[in-house]
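Trainee: Just passing along the structure, written as structure tokens.
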Amino acid sequence: MIFNTPAAQAVINFLLPPQCALCREITKEPYTLCSDCWPKLRFITSPKCSVCCVPLDDVDHDMPCTDCLKHPPVFSKAYAPLIYNDSVKKLVLRYKNYDGLHLGPMFFGWTQRCIPNDTNIIVPVPLHWWRFFTRQYNQATELGKLIAKHTNLAINPNLLKRVKSTASQGHKTKLLRYENLKDAFIVMDTKNILQKVNVLLIDDVLTSGATANACAQALLNAGAARVDVLTIARAVKDNNGTP
Ligand SMILES: [Zn+2]
Ligand SMILES: [Zn+2]
């Protein structure tokens with residue numbers, strides 16, 4: 001396409017200079033943050049929980065955290081490039097609620113190193129139909145589509161359905177979140193696509209893990225061999241902007 005040439009990009013950048021995704025300061029490259037905002041991101045590095053991706057202190061290698069040892073989730077492993085803090089919250093809200101779809105390539109750039117090699121199919125966490133109706137798009141599906149496009153992995157946003165609206169989970173305890181999400185998702189797999197495949201479940205943020213767990217349970221019940229989870233960010237209890 002003519003718009004993909006360097007000359008065309010230079011013209012576009014001149015007319016519509018790329019902006020920082022957080023403060024809208026002009027930046028040199030598109031889909032990034034300015035030098036003031038970049039340090040506000042905290043990327044997750046080892047040592048971290050080898051199951052739920054939460055950063056760990058006082059150990060020198062990845063291992064399951066106390067929570068995952070006590071109550072192992074049904075998904076195998078969660079991956080996230082970033083810790084969920086106030087800055088990431090702003091970015092994710094923009095992606096979710098406003099006209100923030102153009103932020104997708106930036107999120108893809110950060111998440112691409114977290115994609116397990118043996119993934120067979122991408123399944124986004126679905127919105128309840130009413131939320132989808134009012135929002136017009138599902139941010140998890142949009143991110144999933146970008147990942148599928150760049151990795152040639154299959155994606156199916158219609159396998160998993162949310163049959164129970166579970167708005168405002170924020171104030172609930174972890175146990176109540178799990179209880180509230182029980183049976184919230186069903187699988188519609190008439191062609192048996194899920195039999196013995198490794199699923200990569202996509203969502204924006206992993207908080208208590210209750211949503212991912214409920215989705216994983218439905219996918220495993222339908223025959224999936226394994227479910228991993230990929231989100232943009234992982235909420236951590238002692239960070240700002242987190243529950
Ligand atoms: Zn900025
Ligand atoms: Zn853990």
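Trainee: List pairs: first residue in the range 144-167 and over 15 Å from VAL187 (Cβ atoms), second residue open to solvent by 30 Å² or more (accessible area, probe 1.4 Å) and among the aromatic types (Phe, Trp, Tyr) anywhere in the structure, Cβ distance under 8 angstrom, at least six positions apart or on different chains.
Mentor: Cβ pairs passing all conditions: SER165/TRP130.
Trainee: Checking VAL74 against (1) in the same structural domain as PHE133 (by TED's automatic domain parsing); (2) assigned to a helix (DSSP H, G or I): exactly one of these is not met. Which one?
Mentor: Exception for VAL74: condition (2).
Trainee: For ASN156, which of the numbered conditions (1) at pLDDT 95 or above; (2) open to solvent by 80 Å² or more (accessible area, probe 1.4 Å) fails to hold?
Mentor: Tallying (1) at pLDDT 95 or above; (2) open to solvent by 80 Å² or more (accessible area, probe 1.4 Å), ASN156 fails exactly one: (2).
Trainee: Going by what's in this entry, would GLY144 be described as surrounded by 17 or more Cβ atoms within 10 Å (Cβ to Cβ), out of contact with any Gly (no Cβ under 8 Å at 6 or more places or on another chain), over 20 Å from SER76 (Cα atoms) and outside the structural domain of GLU29 (by TED's automatic domain parsing)?
Mentor: Numbers: surrounded by 17 or more Cβ atoms within 10 Å (Cβ to Cβ): yes; out of contact with any Gly (no Cβ under 8 Å at 6 or more places or on another chain): yes; over 20 Å from SER76 (Cα atoms): no; outside the structural domain of GLU29 (by TED's automatic domain parsing): yes.
Answer is no for this residue.
Trainee: Now for a different question. Which numbered condition trips up ASP36, out of (1) within 16 Å of ligand 1 (Cβ to nearest atom); (2) part of a loop (DSSP other than H, G, I, E, B); (3) in the same structural domain as ASP203 (by TED's automatic domain parsing)?
Mentor: Only one criterion is unmet by ASP36, namely (3).
Trainee: Being of a type outside the set (Val, Ile, Thr) and open to solvent by 50 Å² or more (accessible area, probe 1.4 Å) is the filter here, so list the residues in the range 108-134 that pass it.
Mentor: Of everything in the range 108-134, those that are of a type outside the set (Val, Ile, Thr) and open to solvent by 50 Å² or more (accessible area, probe 1.4 Å) turn out to be GLN112, ARG113, ASN117, ASP118, ASN120, TRP129, TRP130, ARG131, PHE132, PHE133.
Trainee: If you take the residues in the range 34-74 that are free of Cβ contacts under 8 Å to residues at least 40 places away in the same chain and among the β-branched types (Val, Ile, Thr), which one is least open to solvent (accessible area, probe 1.4 Å)?
Mentor: VAL51
Trainee: Could you check the range 75-90 and list, in sequence order, the residues that are under 23 Å from ARG226 (Cβ atoms) and open to solvent by 50 Å² or more (accessible area, probe 1.4 Å)? I'd like the intermediate steps shown before the answer.
Mentor: So in the range 75-90, the residues under 23 Å from ARG226 (Cβ atoms) come out as 75-81.
Scanning the range 75-90 gives SER76, LYS77, TYR79.
Trainee: For SER165, state whether it is touching a helix residue (DSSP H, G or I) at 6+ places or on another chain (Cβ under 8 Å), in a loop (DSSP other than H, G, I, E, B), within 23 Å of CYS65 (Cβ to Cβ) and among the small types (Gly, Ala, Ser).
Mentor: The answer is no for SER165.
Trainee: Here is a list: PRO126, PRO116. Which entry is over 15 Å from LEU230 (Cβ atoms) and in the same structural domain as LEU230 (by TED's automatic domain parsing)?
Mentor: The unique qualifying residue is PRO126.
Trainee: Hey, any hits in the range 86-104 for a residue that's touching an Asp or Glu at 6+ places or on another chain (Cβ under 7 Å), modelled with pLDDT of 95 or more and of a type in the set (A, V, I, L, M)?
Mentor: No, the range 86-104 contains no residue that is touching an Asp or Glu at 6+ places or on another chain (Cβ under 7 Å), modelled with pLDDT of 95 or more and of a type in the set (A, V, I, L, M).
The values are calculated or read from the model by the stated rules, or taken from the named source; none is laboratory data. Treat the numbers as computed from the prediction; the structure is a model and nothing was measured. Cβ atoms come from the backbone with ideal geometry, glycine included; neighbour counts cover every protein chain shown. For accessibility, only protein heavy atoms count, side chains too; no ligands or nucleic acids. Shrake-Rupley method; radii C 1.70, N 1.55, O 1.52, S 1.80 Å.
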